[in-house]
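The structure appears below as structure tokens.
Readers should treat all values here as calculations from the given coordinates under stated rules, not as data from a laboratory. For clarity, every value in this text was computed on a predicted model and none was experimentally measured. Every residue, glycine as well, gets a Cβ built from its backbone with ideal geometry; the counts of neighbours run over all protein chains shown.
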Amino acid sequence: MVIVMKPGTSQESIQNLSAQLQKDFGVSIGITNGVDCSILGLVGDTTHIDIDKLSMRDDVERVMRVAEPYKKANRKFHPEDTVVDVNGVKIGGGSFTVIAGPCSVESEEQIIGIAEDVKADGATLLRGGAFKPRTSPYSFQGMGTPGLDLLLEAKAATGLPIVTELMSPKYCELFDEKVDLVQIGARNMQNFDLLKECGHMHKPILLKRGLSNTYEEWIMSAEYIMAAGNENVILCERGVRTFETYTRNTLDLSAIPAIKRMSHLPILVDPSHAAGMYWMVEPLAMAAAAVGADGIMVEVHNDPPHAKCDGQQSLTPASFHHLMSKIRPLTELVGKKLG
Ligand code: PEP
Ligand code: MN
């Protein structure tokens, strides 16, 4: 961090500020006295320093961060890729993981049938929402806890570990007991109380990008979970809001190489929520594999026209089969192992 002092600030004030920062934050400080102003260069962990407070001082002209505000998620301090183990399925490193399943769990027959179909085509994790974040309170809200039990039945039938969304801290204990990978949805990416609770959980967290959040805000949300004690975080790009209305969201493919440079955490792509249209899912999934994503999460439904949620963007098992036939050689080409 660099602090530029106002011209004319006395040496005494500079020394006082420097001593205070060293005492409060344990940083070491180099002072450069120029003709017009002095500059303080702070070295060490500056994450706890409040830039806004410093900038408010009468004698401070400007404060600039040179290091990122995230530590645990930062690739600089953890150069090798993190591999997250989801009940035996390794996400990150050299793997390409395919998570598939319906937007929401609707019945025993539906979830077990889809689980069997996607497993046969190479998916290694089953998704399905039991608690759904819907824009309208009148839309289907998910089956709730009975939906979780149906996911467990599908897991027992197929062996696929399960991924489902957690919306409230009141279900943390239940999810810790029943769910293999806990999804935090786009709408809750900055629900900081929920993130802190995820930090106390013992299951890995799949953190989707918020509707209009920057890379840094997204990584800071991962940092919340990690700082609270749970370092098993996987990021998921699912499209962001832009001026374009043709697609549901705009898939930000740049996020994948950018996040890989900024962080060591694995990153998946959800082409279904990005596109909002079933016929665009396959090309976007292929693009995700080509830019180095660690996997994809795709919505698959046995009867999309009658799905209770997101049927328009769901693949049928047959189109998922086709997608996998395209993805398989592509993952080989980019040097990743499917599974
Ligand atoms: C979902 O995965 O079903 C979902 C609601 O996703 P998002 O939070 O990305 O909208
Ligand atoms: Mn959905």
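Taken over the Cα atoms of the stretch 207-277, the convex hull encloses 74 Å³ per residue.
If the chain linking residue 109 and residue 177 were pulled fully straight, counting 0.36 nm for each residue of separation and taking away their Cα-Cα distance, it would gain 22.1 nm. When 224, 138 are arranged by Cβ crowding within 10 Å, least crowded first, meaning fewest neighbours, the order is 138, 224. Shape class of the stretch 84-338 from the alpha-carbon gyration tensor: rounded, with the ratio a/c of largest to smallest axis under 1.5.
If only the Cβ of Lys and Arg carry +1 and only the Cβ of Asp and Glu carry -1, the dipole of the stretch 33-93 around its Cα centre is close to 260 debye.
Simple point charges give the picture: +1 on the Cβ of Lys and Arg, -1 on the Cβ of Asp and Glu, and for the stretch 2-64 a dipole about the Cα centre of about 60 debye.
Inter-label distance, residue 241 to residue 24: 3.5 nm, where each label sits 7 Å from its Cα along the C-beta direction. Extending 7 Å from Cα along the Cβ direction at residue 157 and again at residue 77 yields two label points whose distance is 4.6 nm. Taking a cut-off of 13 Å between Cα atoms, list the aspartates and glutamates near residue 337, but don't count ones fewer than 8 places away on the same chain. Once the sequence-local aspartates and glutamates are set aside, what remains near residue 337 is 294. Bridging of residue 170 to aspartates and glutamates at a Cα separation below 16 Å is possible for 193, 197, once same-chain residues fewer than 8 apart are set aside.
GNM remark for the chain: springs join alpha carbons under 10 Å apart, and the peak mean-square fluctuation among 260, 196, 170 falls on 170. Between the helical axis of 108-120 and the dominant principal axis of the chain, each derived from Cα atoms, what acute angle in degrees is found, rounded to the nearest 10? Taking Cα atoms only, the helix is inclined about 80 degrees. Amide H to amide H distances under 5 Å link residue 315 with 299, 300, 301, where only residues 5 or more positions off or on other chains count and H is placed in the peptide plane. Compared with the dominant Cα axis of the chain, that is its longest principal axis, helix 11-25 is turned about 40°. Counting only the backbone N, which residues of the stretch 198-226 are under 20 Å from the spot 7 Å out from the Cα of residue 52 toward its beta-carbon? Output list for this probe position: 213-224.
Determine, for 13, 104, 38, the number of other Cβ atoms within 10 Å of each Cβ, and report the residues in order from fewest to most.
Values: 13 17, 104 27, 38 21.
So the residues, fewest neighbours to most, are 13, 38, 104.
Between the listed residues 98, 168, 21, the Cα displaced farthest toward the positive end of the dipole of the chain, a dipole computed from Cβ unit charges relative to the Cα centre, is found at 21. Pairwise Cα distances in the stretch 2-64 exceed 16 Å in 38 percent of cases.
Remark on the chain: 37, 172, 198, 236 stand apart, with no other cysteine beta carbon under 4.7 Å. Cross-link partners of residue 53 among aspartates and glutamates, defined as those whose alpha carbon lies under 13 angstrom from its own and excluding same-chain residues fewer than eight positions apart: 61.
For the listed residue pairs 71/336; 72/308; 6/260; 72/178; 208/336, the alpha carbons are over 32 angstrom apart in 72/308; 6/260.
Could you run the Debye sum over the Cα atoms of the stretch 253-295, one equal point scatterer each and no solvent, and tell me log10 of I(q)/I(0) at q = 0.22 Å⁻¹, two decimals? Once normalised to I(0) and log-transformed, intensities are -0.67.
Can you tell me the orientation of helix 145-158 relative to the chain, as the angle in degrees between its alpha-carbon axis and the longest Cα principal axis, to the nearest 10? Tilt relative to the chain: about 70 degrees.
Rounded to the nearest 20 Debye, what is the dipole magnitude of the stretch 84-338 about its Cα centre when Lys and Arg each give +1 and Asp and Glu each give -1 at the C-beta? Please list the in-between numbers first.
On the way: 23 positive and 30 negative charges, 103 e Å.
Dipole about the Cα centre, nearest 20: 500 debye.
Each principal axis of the stretch 1-158 carries a Cα extent, and these read 76, 42, 24 Å when sorted largest first.
Neighbour counting of Cβ atoms within 10 Å sorts the residues 286, 297, 220, fewest neighbours leading, into 286, 220, 297.
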